[in-house]
1. Would you calculate the separation in nanometres between label points at Y118 and D60, each defined as 7 Å from the Cα along the Cα-to-beta-carbon direction?
2. Excluding residues on the same chain fewer than 8 positions from K75, give the lysines whose Cα lies under 29 Å from its Cα.
3. Okay, which of region 44-75 sit inside 19 Å, backbone N to the point 7 Å along the Cα-Cβ direction of E94?
Amino acid sequence: MRAVLIVVAVLALVGFLAVAVVLPMMADAEAKEAAQALLAGTEPAKQKVAAVAAQSKTLDGSGKGIKLAPQQNSKFGELKWLVAPSGEIRGWNEPNAIEVVLTPILQSGKVSWRCQGYPNRAMPASCGGR
């Protein structure tokens, strides 16, 4: 009887450890995919901001009037973006609690982008992730 209880306890412990390790890893993987989708959705706005800034030689007003429609993603839920008049692009995905901010930098007539996101563990290396 004691051996059966020990076996049950060991199996319960193994099951608990599997859930404690596997579920967070799965959640992190989904959050990383959602962050990639969020960043990919910024490309049209990035191109428009860069074109306006290159033409006008300033970032002031480079994002004015640029809109990105929210997208309903079957896997990640709603993806949303907002473009500020300065050209800064914010994107977020509430179901996965992810936010990204892309800030344009104009140097020598060319726009580069600084990317920051939260949470760091969900971001690719190009956006401050690990």
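No value in this document is a laboratory result; all are computed from the given coordinates. Just so we're clear, the structure is a prediction, and the values are computed from it rather than from any experiment. Positions of Cβ are backbone-derived with ideal geometry, glycine not excepted, and every protein chain shown enters the neighbour counts.
1. Taking the two extended label points, one gets 3.0 nm.
2. K32, K46, K48, K67
3. Hits in region 44-75 for E94 at 19 Å: 68-75.
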